[in-house]
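Undergrad: One structure coming up, written as C-alpha coordinates, with questions to follow.
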Amino acid sequence: MDIKNKLGQVLINTLKAAWDLVGGFSKPKKMPGWSYGLPIDECSTGMKLKVIPNTVCSICYAGKGHYKQYEKNIMAAQYRRLDSISHPQWVEAMIYVMNHSKQILRDKVFRWHDSGDIQGLEHLDKIVRIAIATPDIKYWLPTKESNWIQKYDKPIPKNLVIRLSGTFVDGKEPMSWSHTSTVVTDKDKATCRAFENGGMCGDCRQCWDGTVKNVSYFKH
(Lines give C-alpha, C1' and ligand atoms only; values in the text may rest on other atoms or scores of the structure.)
Protein backbone atom coordinates (compact mmCIF):
# COMPACT_ATOMS: atom_id res chain seq x y z
CA MET A 1 0.00 0.00 0.00
CA ASP A 2 1.30 3.47 -0.90
CA ILE A 3 2.20 5.75 1.98
CA LYS A 4 0.59 9.12 1.28
CA ASN A 5 0.92 12.59 2.71
CA LYS A 6 -1.94 14.86 3.75
CA LEU A 7 -2.47 15.98 0.15
CA GLY A 8 -2.98 12.41 -0.99
CA GLN A 9 0.32 12.28 -2.80
CA VAL A 10 2.59 9.25 -2.67
CA LEU A 11 5.66 9.88 -0.53
CA ILE A 12 8.56 9.33 -2.88
CA ASN A 13 11.40 9.01 -0.41
CA THR A 14 12.73 5.58 -1.35
CA LEU A 15 13.93 4.07 -4.61
CA LYS A 16 11.28 1.35 -4.33
CA ALA A 17 8.47 3.89 -4.01
CA ALA A 18 9.70 5.77 -7.08
CA TRP A 19 10.29 2.56 -9.02
CA ASP A 20 6.81 1.27 -8.25
CA LEU A 21 5.17 4.53 -9.31
CA VAL A 22 6.85 4.65 -12.74
CA GLY A 23 6.23 0.95 -13.36
CA GLY A 24 9.86 -0.12 -13.41
CA PHE A 25 12.31 -0.01 -16.32
CA SER A 26 13.27 -2.37 -19.11
CA LYS A 27 16.81 -3.66 -19.66
CA PRO A 28 17.59 -4.35 -23.32
CA LYS A 29 20.47 -6.79 -23.58
CA LYS A 30 22.17 -4.87 -26.37
CA MET A 31 22.48 -1.54 -24.62
CA PRO A 32 24.18 -0.12 -21.55
CA GLY A 33 21.92 1.02 -18.78
CA TRP A 34 18.14 1.03 -18.46
CA SER A 35 15.37 1.99 -20.82
CA TYR A 36 11.66 2.73 -20.62
CA GLY A 37 9.55 0.48 -22.81
CA LEU A 38 5.97 1.25 -23.80
CA PRO A 39 3.55 -0.88 -25.87
CA ILE A 40 4.08 -0.60 -29.63
CA ASP A 41 0.32 -0.87 -30.13
CA GLU A 42 0.05 2.63 -28.64
CA CYS A 43 2.44 4.22 -31.15
CA SER A 44 0.48 6.90 -32.99
CA THR A 45 2.55 7.05 -36.18
CA GLY A 46 4.11 3.63 -35.80
CA MET A 47 0.83 1.75 -35.98
CA LYS A 48 0.02 3.47 -39.30
CA LEU A 49 3.43 2.66 -40.75
CA LYS A 50 3.39 -0.91 -39.45
CA VAL A 51 1.14 -2.07 -42.29
CA ILE A 52 3.17 -0.33 -45.02
CA PRO A 53 5.87 -2.57 -46.55
CA ASN A 54 9.53 -1.60 -46.15
CA THR A 55 8.92 0.98 -43.45
CA VAL A 56 11.08 0.81 -40.35
CA CYS A 57 7.93 0.15 -38.29
CA SER A 58 6.96 -2.85 -40.45
CA ILE A 59 10.13 -4.60 -39.22
CA CYS A 60 9.97 -3.31 -35.63
CA TYR A 61 12.15 -5.52 -33.40
CA ALA A 62 9.87 -4.82 -30.42
CA GLY A 63 7.25 -7.07 -31.97
CA LYS A 64 9.48 -10.12 -32.23
CA GLY A 65 12.37 -11.96 -30.60
CA HIS A 66 12.70 -11.50 -26.83
CA TYR A 67 9.67 -9.22 -26.78
CA LYS A 68 7.51 -11.86 -28.46
CA GLN A 69 8.89 -14.71 -26.37
CA TYR A 70 7.83 -13.05 -23.14
CA GLU A 71 4.97 -11.09 -24.68
CA LYS A 72 2.43 -11.44 -21.88
CA ASN A 73 4.72 -10.31 -19.06
CA ILE A 74 6.43 -7.62 -21.13
CA MET A 75 3.17 -6.12 -22.37
CA ALA A 76 1.77 -6.03 -18.84
CA ALA A 77 4.83 -4.06 -17.71
CA GLN A 78 4.65 -1.75 -20.73
CA TYR A 79 0.99 -0.89 -20.12
CA ARG A 80 1.75 -0.35 -16.45
CA ARG A 81 4.35 2.22 -17.45
CA LEU A 82 2.00 3.80 -19.97
CA ASP A 83 -0.63 4.29 -17.28
CA SER A 84 1.93 5.75 -14.88
CA ILE A 85 2.85 8.62 -17.25
CA SER A 86 -0.42 10.38 -16.41
CA HIS A 87 0.29 10.20 -12.65
CA PRO A 88 0.86 13.74 -11.32
CA GLN A 89 4.09 12.62 -9.62
CA TRP A 90 5.53 10.68 -12.55
CA VAL A 91 8.19 13.31 -13.26
CA GLU A 92 9.12 13.52 -9.58
CA ALA A 93 9.41 9.74 -9.35
CA MET A 94 11.51 9.48 -12.51
CA ILE A 95 13.90 12.15 -11.26
CA TYR A 96 14.22 10.31 -7.94
CA VAL A 97 15.14 7.06 -9.71
CA MET A 98 17.68 8.84 -11.91
CA ASN A 99 19.31 10.39 -8.86
CA HIS A 100 19.33 7.25 -6.72
CA SER A 101 19.74 4.21 -9.00
CA LYS A 102 23.32 2.98 -8.65
CA GLN A 103 23.32 1.56 -12.18
CA ILE A 104 22.04 4.76 -13.78
CA LEU A 105 24.53 6.84 -11.81
CA ARG A 106 27.26 4.47 -12.96
CA ASP A 107 26.29 4.21 -16.64
CA LYS A 108 25.03 7.81 -16.99
CA VAL A 109 22.93 6.90 -20.03
CA PHE A 110 19.22 6.21 -20.44
CA ARG A 111 17.00 5.44 -23.42
CA TRP A 112 13.46 6.55 -24.20
CA HIS A 113 12.09 4.05 -25.49
CA ASP A 114 13.30 0.55 -26.36
CA SER A 115 9.71 -0.03 -27.50
CA GLY A 116 6.84 2.35 -28.07
CA ASP A 117 7.05 6.10 -28.53
CA ILE A 118 6.08 9.45 -27.04
CA GLN A 119 2.34 9.85 -26.50
CA GLY A 120 2.00 13.58 -27.12
CA LEU A 121 3.34 17.02 -26.27
CA GLU A 122 2.63 16.66 -22.56
CA HIS A 123 4.58 13.41 -22.42
CA LEU A 124 7.47 14.99 -24.32
CA ASP A 125 7.47 17.96 -21.96
CA LYS A 126 7.71 15.64 -18.97
CA ILE A 127 10.73 13.91 -20.52
CA VAL A 128 12.38 17.29 -21.11
CA ARG A 129 11.74 18.29 -17.49
CA ILE A 130 13.35 15.06 -16.28
CA ALA A 131 16.43 15.69 -18.45
CA ILE A 132 16.76 19.27 -17.19
CA ALA A 133 16.60 18.08 -13.58
CA THR A 134 19.26 15.39 -14.13
CA PRO A 135 21.97 17.05 -16.28
CA ASP A 136 24.60 14.38 -15.58
CA ILE A 137 22.54 11.70 -17.33
CA LYS A 138 22.60 11.45 -21.14
CA TYR A 139 19.21 10.64 -22.67
CA TRP A 140 18.47 9.24 -26.12
CA LEU A 141 14.94 9.46 -27.50
CA PRO A 142 14.34 7.77 -30.87
CA THR A 143 10.95 8.69 -32.30
CA LYS A 144 8.70 8.66 -35.36
CA GLU A 145 6.51 11.43 -33.98
CA SER A 146 7.85 14.29 -36.10
CA ASN A 147 4.68 16.34 -35.66
CA TRP A 148 4.99 16.49 -31.88
CA ILE A 149 8.70 17.15 -31.64
CA GLN A 150 8.44 19.95 -34.19
CA LYS A 151 5.49 21.52 -32.36
CA TYR A 152 7.35 21.48 -29.06
CA ASP A 153 8.32 25.11 -28.47
CA LYS A 154 10.63 24.87 -25.45
CA PRO A 155 14.42 24.43 -25.56
CA ILE A 156 15.69 20.85 -25.65
CA PRO A 157 18.47 20.35 -23.06
CA LYS A 158 21.84 19.24 -24.42
CA ASN A 159 21.73 15.98 -22.46
CA LEU A 160 18.59 14.87 -24.35
CA VAL A 161 19.22 13.73 -27.93
CA ILE A 162 15.98 13.29 -29.86
CA ARG A 163 16.53 11.27 -33.03
CA LEU A 164 13.81 11.37 -35.67
CA SER A 165 13.73 8.03 -37.46
CA GLY A 166 13.62 7.80 -41.23
CA THR A 167 10.48 6.20 -42.61
CA PHE A 168 11.77 3.61 -45.09
CA VAL A 169 14.52 1.01 -44.96
CA ASP A 170 17.38 2.31 -47.14
CA GLY A 171 15.62 5.66 -47.24
CA LYS A 172 17.08 9.10 -46.60
CA GLU A 173 17.31 10.62 -43.15
CA PRO A 174 14.61 13.20 -42.36
CA MET A 175 15.61 16.74 -43.28
CA SER A 176 13.20 18.35 -40.81
CA TRP A 177 15.14 17.57 -37.64
CA SER A 178 18.70 18.06 -36.40
CA HIS A 179 19.34 14.49 -35.17
CA THR A 180 18.16 11.43 -37.07
CA SER A 181 18.47 7.69 -37.57
CA THR A 182 18.08 5.40 -40.56
CA VAL A 183 17.99 1.66 -41.30
CA VAL A 184 20.14 0.20 -44.08
CA THR A 185 20.63 -3.21 -45.69
CA ASP A 186 24.26 -2.58 -46.65
CA LYS A 187 26.59 -3.26 -43.74
CA ASP A 188 29.17 -0.87 -45.17
CA LYS A 189 26.67 1.99 -44.80
CA ALA A 190 25.80 1.19 -41.20
CA THR A 191 27.46 3.52 -38.70
CA CYS A 192 26.15 1.41 -35.81
CA ARG A 193 28.51 -1.58 -35.76
CA ALA A 194 26.75 -3.58 -33.07
CA PHE A 195 26.36 -6.48 -35.51
CA GLU A 196 30.14 -6.90 -35.34
CA ASN A 197 29.98 -7.11 -31.56
CA GLY A 198 27.36 -9.79 -31.01
CA GLY A 199 24.60 -7.22 -31.30
CA MET A 200 25.97 -5.25 -28.34
CA CYS A 201 26.74 -1.54 -28.05
CA GLY A 202 29.98 -2.21 -26.23
CA ASP A 203 31.76 1.10 -25.61
CA CYS A 204 29.88 2.94 -28.37
CA ARG A 205 27.60 5.79 -27.29
CA GLN A 206 26.94 7.55 -30.60
CA CYS A 207 23.15 7.31 -30.20
CA TRP A 208 23.43 9.53 -27.10
CA ASP A 209 26.02 11.82 -28.69
CA GLY A 210 24.64 15.18 -29.79
CA THR A 211 27.61 15.75 -32.11
CA VAL A 212 26.52 12.73 -34.20
CA LYS A 213 23.83 13.94 -36.57
CA ASN A 214 22.69 10.60 -38.02
CA VAL A 215 23.05 7.01 -36.87
CA SER A 216 22.38 4.29 -39.43
CA TYR A 217 21.49 0.80 -38.22
CA PHE A 218 21.94 -2.45 -40.13
CA LYS A 219 18.56 -4.10 -40.72
CA HIS A 220 18.04 -7.06 -38.41
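The values are calculated or read from the model by the stated rules, or taken from the named source; none is laboratory data. Predicted, not measured: the structure shown is a model, and the values here were computed from it. So basically every Cβ, Gly included, is an ideal-geometry build from the backbone, and we count neighbours across all protein chains shown. Only protein heavy atoms, including side chains, enter the accessible area calculation; ligands, DNA and RNA are left aside. Shrake-Rupley method; radii C 1.70, N 1.55, O 1.52, S 1.80 Å.
Undergrad: Mind counting the residues in the range 197-220 that are over 20 Å from GLY33 (Cβ atoms) and among the hydroxyl-bearing types (Ser, Thr, Tyr)?
TA: 1
Undergrad: Hey, can you tell me all the residues within the range 131-172 that are surrounded by 19 or more Cβ atoms within 10 Å (Cβ to Cβ) and among the acidic types (Asp, Glu)?
TA: Answer for the range 131-172, where residues must be surrounded by 19 or more Cβ atoms within 10 Å (Cβ to Cβ) and among the acidic types (Asp, Glu): just GLU145.
Undergrad: With the requirement that a residue be assigned to a loop (DSSP other than H, G, I, E, B), of a type outside the set (Gly, Ala, Ser) and in contact (Cβ under 8 Å) with a residue 24 or more places away in the chain, what does the range 199-220 give you?
TA: MET200, CYS201, ARG205, ASP209, VAL212, LYS213, LYS219, HIS220
Undergrad: A further question on this structure: In the range 24-42, which residues are part of a helix (DSSP H, G or I) and not hydrophobic (A, V, I, L, M, F, W, C)?
TA: Restricting attention to the range 24-42, the residues satisfying the condition of being part of a helix (DSSP H, G or I) are 40-42.
ASP41, GLU42, listed by residue number.
Undergrad: Something else: Can you tell me which residue within the range 6-23, out of those that are part of a loop (DSSP other than H, G, I, E, B) and touching a helix residue (DSSP H, G or I) at 6+ places or on another chain (Cβ under 6 Å), is nearest to LYS138 (Cα to Cα)?
TA: That would be GLY23.
Undergrad: Taking into account only those residues within the range 9-53 that are modelled with pLDDT of 90 or more, open to solvent by less than 50 Å² (accessible area, probe 1.4 Å) and β-branched (Val, Ile, Thr), which is farthest from ILE149 (Cα to Cα)?
TA: Only one residue fits best here, namely ILE12.
Undergrad: Do you know which residues across the range 79-109 are of a type in the set (Gly, Ala, Ser) and open to solvent by 50 Å² or more (accessible area, probe 1.4 Å)?
TA: SER86
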